[in-house]
Amino acid sequence: MDGVTLPEAAWRTREGLDRLLQALGADDGLARYVGGAVRDTIMGIAVNDIDIATPLAPDDAMRRLQQAGIKVIPTGIAHGTVTAVLADGPIEITTLRRDVSTDGRRATVAFSNDWREDAARRDFTINALYADPLTGAVFDYFGGLADLEAGRIRFIGDALTRIAEDHLRILRFFRFHARFGRGAPDAEALTACRQRARDLMALSRERIADELTKLLALPDPFPTIALMLENGILAPALPEIDQAGLDRLGVLLSQEREIAASPDAVRRLIALLPQDTAAADGVASRLRLSNAQRKRIAAALAPDPSDPVEALYRLGHEGALDRLLLATDAAAQWARIRDRDRPVFPLRGGTLVARGLTAGPRVAQAMQAIERRWIEEGFPGETRIGEIADAEVDQLLRATR
């Protein structure tokens with residue numbers, strides 16, 4: 001795989017990037033692209049994040065960038081990372097490093113000027129690719145190009161050692177296998193992940209949730225989730241995810257394909273979770289999901305409403321689609337609401353006061369009754385809602401005479 005050159009890509013012409021590289025001394029070999037930007041460009045995948053590695057100390061890198069008139073933020077300077085703010089987006093610049101000590105959650109590092117030493121501390125061979133920004137020459141110290149071509153996700157060096165350095169690498173292994181892997185997973189890597197699965201218990205639940213949702217957002221996470229269940233990877237941290245959840249995920253993915261729905265990590269997580277609102281919320285709380293995500297999970301698993309149009313009214317398109325895709329026969333039901341605007345209840349309390357009701361609890365009671373009738377009749381227009389309102393107000397006024 002010698003002589004590989006980084007293909008041209010739109011991100012390489014980002015505004016201000018040439019000035020940044022010049023400031024860092026790319027002409028003198030003091031800056032290289034690294035990691036995902038190199039890997040994804042080789043694979044022909046769109047690049048979102050650009051990372052640059054440099055032997056320059058963080059303070060020196062900041063000084064050079066500031067002198068070039070580039071805004072720079074010390075986002076992780078203790079670990080060697082600063083962020084340059086360009087017009088088209090931020091770029092992280094990290095000093096070459098080696099690990100001094102690790103505890104599976106965080107590392108103490110020392111700065112280095114050795115590119116291979118920096119590559120050796122990374123997780124997988126396909127993520128330890130560097131490229132000269134001027135010539136495009138790719139530097140591959142551990143066979144990452146061959147692994148990328150073969151669809152093989154392989155830890156750098158000893159897999160157990162890499163996992164001991166950062167337990168999150170267990171979940172990252174499966175996410176990268178789902179994204180880039182082909183065929184059976186690397187045997188050494190899978191064995192190490194299986195042996196060290198309980199290490200996930202030491203991680204914050206936010207980090208677990210972040211990796212899991214990234215995996216679930218991929219086009220087809222089913223084979224990888226099945227592989228994780230088969231090898232007991234999720235059991236220590238998420239014992240609630242079981243074969244029944246995997247089966248539901250399979251149904252959901254099939255339904256998504258049928259109606260060409262975009263991948264949605266939260267919806268797929270809902271399929272994996274217990275289909276009991278309280279139990280699912282317990283997992284969501286443990287994973288530190290946002291309040292909005294927890295409300296979405298609760299709405300998707302609640303028993304009512306079952307009618308798709310009423311679900312659209314109460315939950316919006318996203319919530320209604322959650323309901324449909326988690327059930328069966330989604331295609332026919334989705335066709336009823338796909339192009340339909342969310343119904344809006346057209347009455348306000350003041351309208352009923354104008355019709356003769358006294359402001360207070362009876363107005364709220366009447367509004368609820370009118371809304372129920374409006375839903376039952378299929379969300380009729382203003383003329384009919386006016387008739388319903390007149391009838392309800394008349395009934396209430398009669399009762400007070």
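Observations, loosely collected:
- Selection from 352, 80, 190, by position along the positive dipole direction of the chain (Cβ): 352
- Panel values: the range 218-350, Kirkwood radius from alpha carbon pairs, Stokes-Einstein at 25 °C and 0.890 mPa s, translational diffusion coefficient 156 µm²/s.
- Applying 1/(1 + (r/R0)^6) with r as the Cβ-Cβ distance of residue 49 and residue 304 and R0 = 51 angstrom yields a FRET efficiency of 0.75.
- Neighbourhood charge, 10 Å Cβ-Cβ cut-off, centred on residue 221 and excluding it, Lys, Arg +1 and Asp, Glu -1: +3
- The chain: relative contact order in percent, alpha carbon pairs under 8 Å with at least 6 residues between: 9
- Within a Gaussian network of the chain (alpha carbon springs, distance under 10 Å), most fluctuating of 67, 333, 22: 67
- Rolling a 1.4 Å probe over the protein chains gives residue 139 an accessible area of about 60 Å².
- Rel. contact order, % - alpha carbon contacts under 8 angstrom, at least six apart, the range 279-401: 17
- Taking a sphere under 9 Å around the Cβ of residue 94 and counting the other residues whose Cβ falls inside, with K and R at +1 and D and E at -1, yields a net charge of -2.
- Net charge contributed by nearby residues that have their C-beta within less than 14 Å of residue 67 (K/R +1, D/E -1): +2
- With a 1.4 Å probe rolled over the protein heavy atoms of all chains, the accessible area of 285, 112 falls in the order 285, 112, largest first.
- Ellipticity at 222 nm from helices only: DSSP H runs of n ≥ 4 in the chain, each -39500 (n - 2.57), divided by the residue count, give -15000 deg cm²/dmol.
- Per-pair calculated FRET efficiency, R0 = 41 Å: residue 108 and residue 292 via Cβ, rounded to 0.05: 0.65
- Solvent-accessible surface of the chain, taken per residue with a 1.4 Å probe and all protein chains present: 47 Å².
The values are calculated or read from the model by the stated rules, or taken from the named source; none is laboratory data. If you're wondering where the values come from, they're calculated on a predicted model, not measured in any experiment. Because the Cβ atoms are built from the backbone with ideal geometry, glycine has one as well, and the counts that use them run over all protein chains shown. Accessible surface areas use protein heavy atoms only, side chains included; no ligands, DNA or RNA. Shrake-Rupley method; radii C 1.70, N 1.55, O 1.52, S 1.80 Å.
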